[in-house]
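Inspection log for the structure reproduced underneath, given as structure tokens.
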Amino acid sequence: MGKIGDSELIINGDGSVFHLHIRPENLADKVILVGDPGRVELVASYLSDIESTSSSREFRSITGHYWGTRITVLSTGIGCDNIDIVMNELDALANVDFETREIRPEKRSLTILRIGTCGIIQPDIPLGSYIFSRVSAGFDGLLNWYGDRDSVVMKDIEEAFLAHAGWNSYLPVPYFVKAGDRLTELFSDCTVPGMTVSASGFYGPQCRVLRLPLAIPDLLEKLESFSFGGMRFTNFEMEGSAIAGLARKLGHEGATVCLGIAHRYAREANADYKSLMGSLVKMCLDRLSKDR
């Protein structure tokens, strides 16, 4: 493959990538993604020897060190559409020579962990649980825009779920993707194993009803009752499937771990979750620093 065109990969005048405003030398091998730009400061409060900061729209980043491990924390905003930008630009920073605009022959693999919040689906999982998305179910449809999506998805569970749910043909075809194997092992003893729905919105796509009816009115019940090979749906969030899917396509380790702040079955929510989030961030940093 030759040079990547200026219109395909836009590089800012300061040598940073277009949306994220990060320069290649400022990207660590380990990346923590958060949705809220304000949460970048929470993660960075545990870091020392801050090397760089950047801010553009919802994308804010800080690179520093945690007990000798170099880490970049980056906010993504909300939704898989933003993750499409984030994952492609992170990969470009790692694997494209910005001077020649050519793909580097030796590929760099990043470890990318999203720390977020979620809504719990199953009645036996309590509020405040840390749920690790071992499998992400992409109801967003993003991965379907890329060639050979079947090379990274779990077709057997996809077909079983479509039949179980009576899927509406107007909706994007879901895809199911495993988290990175190394990250799955790293968090296996400290989180609830999850099969997570990544929704394309907060209300209707997560079965919330305010004034508008749903395309599949009983979808929440169908999610709760579905099981396949010992796996069941555990929670809703909005970014994990794109992270897991694009990470596998691009050769990176990608995964999501979320704090459960709403219980869809019990119709309960905890809006005062800041201290619990701090504990989750600290645990994630501890785990990533041990992954050498």
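The values are calculated or read from the model by the stated rules, or taken from the named source; none is laboratory data. The structure presented is a predicted model; accordingly, all values stated were derived computationally and were not measured. Neighbour counts are summed over all protein chains in view; Cβ atoms, including those assigned to glycine, are modelled from backbone coordinates with ideal geometry. With ligands, DNA and RNA removed, areas are computed over all heavy atoms of the protein, side chains included. Shrake-Rupley method; radii C 1.70, N 1.55, O 1.52, S 1.80 Å.
Using only Cα coordinates, the Kirkwood hydrodynamic radius of region 1-139 works out to 16.3 Å.
Model label sites at E51 and R211, defined 7 Å from Cα along the beta-carbon direction, differ in position by 5.0 nm.
Pull out a ≥ b ≥ c, the square roots of the eigenvalues of the alpha-carbon gyration tensor of region 212-292, then state rounded if a/c is under 1.5, prolate if not and a/b is larger than b/c, and oblate in the remaining case. Verdict is oblate for region 212-292. How many percent of the accessible area of region 141-292 is carbon or sulfur, using a 1.4 Å probe? Here carbon and sulfur together make up 54 percent of the probe-accessible area. Of all beta bridges that DSSP places with both ends in region 141-286, some 50 percent have antiparallel geometry. For M231, what is the net charge nearby, where nearby means another residue's Cβ is under 12 Å from its Cβ and Lys, Arg count +1, Asp, Glu -1? In short, +2.
What fraction of the DSSP beta bridges in region 16-131 is antiparallel, stated in percent and rounded to the nearest 5? Of the beta bridges lying entirely in region 16-131, close to 60 percent run antiparallel.
Averaged over its residues, region 155-292 has an accessible area of 48 Å² per residue, based on protein heavy atoms and a 1.4 Å probe.
Considering only beta bridges that DSSP places wholly inside region 1-75, some 70 percent are antiparallel. To the nearest ten degrees, helix 240-250 and the longest principal axis of the Cα atoms of the chain are 50 degrees apart. Among 121-129, 175-183, 6-14, the peptide with the highest mean count of other Cβ atoms within 10 Å heads the list, and the full ranking is 175-183, 121-129, 6-14.
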